[in-house]
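These notes are about the structure you will find just below.
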Amino acid sequence: MKNLVNILIGLFLILSTTLTAQNLEFADLLQNINSRQNTSLNGKWDIIVDPLENGYYNHRLLPKDNGYFKNAKMTSPSDLIEYNFDISFQLDVPGDWNTQMDKLYYYEGTVWYKKDFTYHANSDKLAFLYFEAVNYEAIVYLNGERIGSHVGGYTPFQFEVTNKLKEGDNFVVVKVDNKRKKENVPTVNQDWWNYGGITRSVHLITTPKSYIKDYSIQLPKGNTTTIDGWVQVENSKDGDAVTINIPELKKSVNSILKNGIAKFSVKAKPVLWSPYSPKLYEVIIKTPTDKLTDHIGFRTVATDGSKILLNNKPIFLKGISIHEEAPFKTGRVTSKEECKILLKWAKELGCNFIRLAHYPHSETMVREAEKMGFMIWSEIPVYWTVQFDNKDTYANAQNQLTEMISRDKNRAAILLWSMANETPEGEARLSFIADLAKQARKLDNTRLITAALDTQGKGNDGNLIEDPLGTIVDVIGINNYCGWYAGAPETCPDIKWASKYNKPMIMSEVGGGALYGLHGNKNERWTEEYQADVYKKNIEMMRNIKFLAGLSPWILMDFRSSRRPLRRIQDDFNRKGLISEQGMKKQAFYILKDYYNNENN
Ligand code: GCB
């Protein structure tokens, strides 16, 4: 056996690496939760709706610590306890509350969630409570004790709970609050539904005491013949070995742990991941006590003037923007099947690229998209007018960015990290986003940085891109609604686009609204004909943009938004979808499909 190990080590080249300690700045998150021993805490949770924030004190005259998180029970008929989870309403987790209960449709406030579960202690194991996402603020209690909190509605967080679990029966209570606040990210105004709740899955994960916490396994920037990275092992001993095995490439690398990190680098010639061939390799990571399996793709991405290069070749990004809105039932996407429906529609449209707007979507969505060969733009909700001069707002945005990159850094499909969407120009905004970009590059120097800018009718005879943010990003995103918010559709083809920057530009939003099934003249708003014409004219416009490297029109499917009240047309939906929320394709779908099928292949 020893000989075999020696032969393997001898066979494969281990190069010394020049990685810095950058990897230690990632969020405190277990990588690749699906490859771990995992008990799902999904299903029915008991809930108490608490608009007045009374749950901390059940009654002003009762002891302060008798909040709902105690999950108290009456022990005699004379006890005064004015709540009881056992007979309360229930909600499904994962899921938003707005679409599960009529009376919570517009609700913004606190809901207390409670779940019972059993646990059998094992002295060799550690246990973690892992939340894939809770919108917006979560305060978590285990067996009546506060274990921590999290802010931000679209990224995962976890708590190590080994010593707080009891043998047998346990309960977890989560106070979920989705009240909008000016200083939050996003801020008070947003054009999508503020779905509240434990919107993604909850897991109780166990690991060995010395466990693989995190890793990064990728091609380094600009190099298609070396796989390198690091593995972080908690509670390890210096000198312990980590093995990274990629059976299909016949590569097995041993690397030695020092201060919990094992760096490695190995020569290899993987088939490169691309939309044409979304090749993923099984990667097995092993330590003396732990083992994980992942499926990882290898590719490079770069820019050259106004081109985006995938694996050193120019590629045009034929995309579509997507919100995490469930097809047919609306509300938050909660299953792999729903992700697949959205992605299949994008495939049918002829896309090789998706913009996951305006916040990090679920890991399931990213992984399914990667398998299907979509290049991805992933974004944090720095949207419109967040408080750019507020340090706490910045810290919140940076934390969400760090959590997004921490979770998805091994996903080859992600080419672009987006820092922001349509933020008004100004000094505070520039330094806020520049600092985010700096943080993103520090964590991940292999991907491209972008942001969606808002350039409506600037310049004398056209649209000139001169937003100073152009100096910060690698790829310029432009949201432009010619024919909808600005000018009539027939004016679009004549718009001349120019840019101060020799960088690729993605038309990150373009489009208009239509109610599925509403027909009429192409000059009548809300008809499918009007929307189709907006697409036709904008496609003509885009043909003339020399530095256009791709587009992600707004948007694949109609989605709920509480700023869209127009009765009988919008009814609380943003109608810019190419497909209705009930899955019906509008005429514009076929206009864009034609463009993608016939041009820019
Ligand atoms: C935008 C925003 C997007 C909106 C869209 C619209 O520019 O980025 O969030 O939903 O316009 O429909 O107005």
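The values are calculated or read from the model by the stated rules, or taken from the named source; none is laboratory data. Just so it is clear, the structure is predicted and the values come from calculations on it, not from any experiment. Cβ sites come from the backbone with ideal geometry, for glycine too, and all protein chains shown count toward neighbours. Protein only, heavy atoms only, side chains kept; ligands, DNA and RNA dropped before computing areas. Shrake-Rupley method; radii C 1.70, N 1.55, O 1.52, S 1.80 Å.
Considering Cα pairs under 8 angstrom that are at least six residues apart, work out the relative contact order of the range 270-374 and quote it in whole percent. Result for the range 270-374 is 26 percent. Remark: the chain carries 40 Å² of accessible area per residue (probe radius 1.4 Å; ligands, DNA and RNA excluded).
Here each label is just a point 7 Å from Cα along the line to Cβ, and for S335 and D86 those points are 3.2 nm apart.
Spacing of the modelled spin labels on K496 and K164, each 7 Å from Cα toward Cβ, amounts to 6.3 nm.
In percent, rounded to a whole number, the relative contact order of the range 33-208 is 31, using alpha-carbon pairs under 8 Å and six or more apart. Set against the 2.2 N^0.38 Å expectation for a compact globular protein, the range 33-208 has a Cα radius of gyration ratio of 1.05. With 0.36 nm allotted per residue and the present C-alpha distance subtracted, the N521-A395 stretch has 40.4 nm of extension available. Over the C-alpha trace of the range 302-598, radius of gyration and Dmax come out as 18.1, 52 angstrom.
Using the empirical formula 2.2 N^0.38 Å as the baseline, the Cα radius of gyration of the range 220-298 reaches a ratio of 1.14. Note on the chain: dipole from Cβ charges, positive end direction compared against G229, V333, L443; the farthest Cα belongs to G229.
Taking trypsin sites (Lys or Arg not before Pro) that fall in a DSSP loop and have at most 12 other Cβ atoms within 10 Å as cut points, what is the longest piece of the chain between them?
Details: sites that count: R60, K64, K73, K166, K182, K221, K237, K250, K546, R563, R567, R568.
The longest such stretch corresponds to 251-545.
For E599 and E282, the FRET efficiency from 1/(1 + (r/R0)^6), where r spans their Cβ atoms and R0 equals 35 Å, is about 0.45.
Extension gain for the segment K438 to K267, taken as residue separation times 0.36 nm less the Cα-Cα distance, is 58.6 nm to one decimal.
Over all directions, average the projected area of the Cα convex hull of the range 274-397 and note it in nm².
Values: hull surface 46.4 nm².
Computed as one quarter of the Cα hull surface, the answer is 11.6 nm².
With a Förster radius of 60 Å applied to the beta-carbon distance between Y590 and L52, the computed FRET efficiency rounds to 0.75. Beta bridges assigned by DSSP with both partners in the chain are antiparallel in approximately 70 percent of cases. Over the chain, the reciprocal of the mean inverse Cα-Cα separation, the Kirkwood hydrodynamic radius, stands at 25.5 Å. Listed as lacking a disulfide-compatible partner in the chain: C339, C351, by the criterion of no other cysteine Cβ under 4.7 Å. Summary value for the chain: 12 percent relative contact order, contacts being C-alpha pairs under 8 angstrom separated by 6+ residues.
Using the Cα atoms of the range 306-362 to build a convex hull, what is its mean projected area in square nanometres?
4.9
All Cα-Cα distances of the range 161-305, cut into 10 Å bins from zero to the largest, leave 9, 27, 21, 26, 16, 1, 0 percent in each bin in turn.
Counting only protein heavy atoms and using a 1.4 Å probe, what share of the accessible area of the chain belongs to carbon plus sulfur, as a whole percent? Taking all protein chains in place, the chain shows 50 percent carbon and sulfur surface.
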